[in-house]
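Inspection log for the structure reproduced underneath, given as structure tokens.
The values are calculated or read from the model by the stated rules, or taken from the named source; none is laboratory data. A quick note: this is a predicted structure, and the numbers were derived from the prediction, not measured. No Cβ is skipped: glycine too gets one built from the backbone with ideal geometry, and neighbour counts run over all protein chains shown. When the accessible area is computed, the model is the full protein with side chains, heavy atoms only, and any ligands, DNA or RNA have been set aside. Shrake-Rupley method; radii C 1.70, N 1.55, O 1.52, S 1.80 Å.
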Amino acid sequence: MLNRLPKMRFMLVISIVLLILAGCGNKNDNSGSNAEPSASNSESAATESASPSQEASPSPEETGYVPTELTVQFVPSQNAETLEAKAKPLEKLLSDALGIPVKVSVSTDYNTIIEAMQSKKVDVGFLPPNTYVQAKEMGAAEVILQAQRFGVNDADGQPTTELADSYKSMIIVKADSDIQTLADLKGKKIAWQSATSSAGFVYPAVELKKAGVDPNTDVTGIELKGHDKGVLAVLNGDADAAAIFQDARNIVLKDVPDVFEKTRVLHFTTPIPNDTISVRSDMNKEWMTKIQDAFIGLGTNEESRKIIFEIYSHQGYAKSTDSNFDSVREYSKALQ
């Protein structure tokens, strides 16, 4: 029994040593298993740190529409075929300035250009004030420029030497007509342009209404496409009066040299803000600036200025804002 004690003590010591070694092995295993999650955590941290840079990339909505070909459209303020022929040279001039192809066309009427811009088929529109206001309300367009024209002498319809940011509408009748006041138009036939034309309908219609003549029920309206056609309607006896921009009689002067002798102005309206150049509402901001610069450049060159004058009697373009057309909105409400 006494002889076995040393052996038992020896076995106990061996057991304790083995237990200690096993414990150290477990600690090492645990430290090894903890190393893997820390690596995973590093990867997660790296992924998380990378995520903000990905989120910072601009969305298409922030970037806006970047054209690879620019479509520009005009309203038919005069004979559409003639107008398109006059506007065609702008394709090369604008293409050279912008570095992309440019296509020019004329809308069938004042409403279709709004629809075309709303459906993103037209990028840039030459919109009269009321047409612009309607397009803006529909979310179809943003104004970037406003036309500059020489003023017009009321007495003879010839241009002045000073640039103006507004123009007038006027109602003309035959020189020998018995119509002397707006009130005399009651029961008469009037040549109008589109219902969204500022000079061809809205402004003269509101002022006719102020004179006690309802433009919808007290007169017979004839809608024409082109202010030159309004002048011809009066000359040919197809209408007793016509609402035109001042002084659209110059458009037909070559064909009818005595147009100023055969007609007279019955009424001038209050000034109307000049026409706009507007872009589709989702246009990229950088491209808005490029388009502004390209059109402003047209007015600084003698050759290109002749082209824009032939189209709409424009002399150049200046930057514009939506608030410039608040008076147009007031007239539109007055017509309702």
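Tell me which residues, restricted to segment 69-100, are hydroxyl-bearing (Ser, Thr, Tyr), open to solvent by 20 Å² or more (accessible area, probe 1.4 Å) and either assigned by the TED database to the domain that holds residue 198 or under 20 Å from residue 275 (Cα atoms) (or both). Listed by number, the residues that qualify are 71, 82. Regarding segment 107-124, can at least one residue be identified that is out of contact with any helix residue (DSSP H, G or I) (no Cβ under 7 Å at 6 or more places or on another chain), surrounded by 23 or more Cβ atoms within 10 Å (Cβ to Cβ) and aromatic (Phe, Trp, Tyr)? No - not one qualifying residue is present in segment 107-124.
Among the residues of segment 108-121, some residue qualifies, meaning at least one is within 23 Å of residue 246 (Cβ to Cβ) and of a type outside the set (A, V, I, L, M, F, W, C).
The strands (runs of 3 or more DSSP E) found wholly in segment 241-311 and carrying at least 3 residues that are open to solvent by 30 Å² or more (accessible area, probe 1.4 Å) occupy 263-268. Please tell me if residue 147 is in a strand (DSSP E or B), assigned by the TED database to the domain that holds residue 293 and in contact with a His (Cβ under 9 Å, 6 or more places away or on another chain). Taking the combined requirement at face value, the residue satisfies it. Answer yes if at least one residue in segment 227-239 is in a helix (DSSP H, G or I) and either farther than 28 Å from residue 312 by Cβ or open to solvent by 50 Å² or more (accessible area, probe 1.4 Å) (or both), and no otherwise. Yes, some residue in segment 227-239 is in a helix (DSSP H, G or I) and either farther than 28 Å from residue 312 by Cβ or open to solvent by 50 Å² or more (accessible area, probe 1.4 Å) (or both). For segment 190-223, name all the residues that are touching a helix residue (DSSP H, G or I) at 6+ places or on another chain (Cβ under 7 Å), more than 11 Å from residue 169 (Cβ to Cβ) and assigned to a loop (DSSP other than H, G, I, E, B). Those that are touching a helix residue (DSSP H, G or I) at 6+ places or on another chain (Cβ under 7 Å), more than 11 Å from residue 169 (Cβ to Cβ) and assigned to a loop (DSSP other than H, G, I, E, B): 194, 195, 196, 211, 212, 213, 215, 219. Scanning segment 153-182 for residues that are touching a helix residue (DSSP H, G or I) at 6+ places or on another chain (Cβ under 9 Å) and not in a loop (DSSP other than H, G, I, E, B) returns 159, 167, 169, 170, 171, 172, 173, 174, 182. Within this structure, residue 329 passes the test of being charged (D, E, K, R), farther than 28 Å from residue 88 by Cα and within 22 Å of the chain's Cα centre (by Cα).
Regarding segment 151-164, can at least one residue be identified that is of a type outside the set (Lys, Arg), farther than 30 Å from residue 64 by Cβ and under 23 Å from the mean Cα position of the chain (by Cα)? Yes, segment 151-164 contains at least one residue that is of a type outside the set (Lys, Arg), farther than 30 Å from residue 64 by Cβ and under 23 Å from the mean Cα position of the chain (by Cα).
Cβ-Cβ contacts under 8 Å between residues 6 or more apart (or on different chains), taken from a first residue in segment 287-301 that is at negative phi and of a type in the set (Val, Ile, Thr) to a second residue that is modelled with pLDDT of 95 or more and in a helix (DSSP H, G or I), are listed as 291/98. When residue 178 is tested against (1) without any contact (Cβ under 8 Å) to a residue 24 or more places away in the chain; (2) under 29 Å from the mean Cα position of the chain (by Cα), only condition (2) is not met.
Rundown of residues vs (1) outside the structural domain of residue 214 (by the TED database); (2) within 18 Å of residue 167 (Cβ to Cβ); (3) of a type outside the set (Ser, Thr, Tyr), yes/no style:
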{"residue": "262", "(1), (2), (3)": "no, no, yes"}
{"residue": "289", "(1), (2), (3)": "yes, no, no"}
{"residue": "294", "(1), (2), (3)": "yes, no, yes"}
{"residue": "318", "(1), (2), (3)": "yes, yes, yes"}
{"residue": "324", "(1), (2), (3)": "yes, yes, yes"}
{"residue": "328", "(1), (2), (3)": "yes, yes, yes"}
